[in-house]
Each structure stands twice: as structure tokens, then as C-alpha cells.
Amino acid sequence: MKKRVLYPGTFDPVTYGHIDLIKRALKISDEVIVAVAERSSKDILFSTEERMDLLKKATKGLRGVKIESFDGLVVDFAKSVGAHVILRGLRMVSDFEYEFQMALTNRKFNPNIETIFMMPNESYSYLSSRLIKEAVSLGARVKDFVPHFVEAALKKALVK
Ligand code: ADP
């Protein structure tokens, strides 16, 4: 049976931190399904299609990666695609509390699905999509943190 990992998130937009995690997940699985949440409690800049397109471009050279979108419960989507493992990233202690609550809640909803956590390379441990959006809107160059086409999309959306 194929070992499938589901990596859900907002990805608004994808950063090298997300890519780092996808590459690590590929080392322990046959397939990584990146699941773009259509809705989020966060303010979303890019449409679902735009976020998926940027992810597709950013993972083009990686074998075993699929980009999908979902609405509703993560565990239900995981079950529907045959994934028994949900991957989330842990950057700093500040991520822990929320992730802990979510993992245990998801376990209550579906005890057959495990959540695993991975840590990115330390150079991405302070990187977030929110920070990148803020930096670009203030005029910063972000080429060390996102692919060039993501930077271009951010500039187009945020710099008047
Ligand atoms: P969400 O709204 O689900 O938190 P994000 O797109 O911000 O969506 O993040 C998706 C997942 O990727 C989360 O588990 C988050 O912790 C992780 N992540 C985000 N940025 C990084 C990073 N720089 N390094 C490692 N993991 C990250």
C-alpha cells in the first residue's frame, strides 16, 4: 500500500519553509498530498486557484507531490484520499499550543489518522507567509524566502 501523507494548510503563499517540509515528508512516504484550505480563519490574499498554481510551480521538480484543495474537516479529506498521516510544521514553541489542540481534536474526530510534526531547516524557522506579505507590502525583497514567481505575484497583489 502506498504511504500517503497529507500536508494541509493555507499556503498564502507557499514559502521555502513549506517546500522544506514537503521534501522531508517525501523521505518518509511515497506521496505527499498538499491540501490547500479553501477557507481559513486568517485573512487570505490569494484565491484557492492562485495558491494551488504557485504550489504546483514550486514543487514542479519533485516526484510524488500532488496539489489538491479541500473544504471541511481535514480528517475527512485525509480519509477520502486514503492518507492516514497528517503532516504539520513546528517552527517555534509558539506553534505548539495550537498544533497540540488541533492534533488531539482531529484524533477525537478520527482515531485512525495520526498527526506528525516536522521541523524545517533552522534558517526557515522564523519564516511565515504572513511575515512575507507584510515585508513585501513595505517594499522588502524576499528572494531568500520564496521562489521568484511567488515574489512577483506578491508584488503584483500588494505593491501599488
Ligand atoms: P495554516 O493556516 O494551516 O497554519 P500555513 O500555510 O501557514 O497554514 O502553514 C501550513 C503548515 O506549514 C503549518 O503546519 C505550518 O506550521 C507549516 N509551516 C508554515 N511555515 C513554515 C516554515 N517556515 N517552516 C516549517 N513549517 C512551516
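Side notes on the structure shown:
- Tensor-based shape of the stretch 78-124 (alpha-carbon gyration tensor, a/c under 1.5 rounded, otherwise prolate or oblate): oblate
- Model label points for LYS155 and LYS143, set 7 angstrom from Cα along the Cα-to-Cβ axis, are 1.0 nm apart.
- Cα gyration tensor, the stretch 1-45 - rounded (a/c under 1.5), prolate or oblate: oblate
- Couplings 3J(HN,Hα) for the stretch 132-141, derived from phi with the Karplus relation 6.51 cos²θ - 1.76 cosθ + 1.60 (θ = phi - 60°), are 5, 5, 5, 5, 5, 5, 8, x, 7, 8 Hz, where x marks Gly and Pro.
- In nm, spacing of pseudo-spin labels at ARG130 and MET102 (7 Å Cα→C-beta vector): 1.2
- For the chain, a simple Cβ point-charge model (Lys and Arg +1, Asp and Glu -1, everything else neutral) yields a dipole of about 400 debye relative to the Cα centre.
Every number in this text was worked out from the coordinates using simple rules, so none of it is lab data. Bear in mind that the values here come from a model prediction, so they are computed numbers and not experimental data. Glycine gets a Cβ as well: all are built from the backbone with ideal geometry, and neighbour counts include every protein chain shown.
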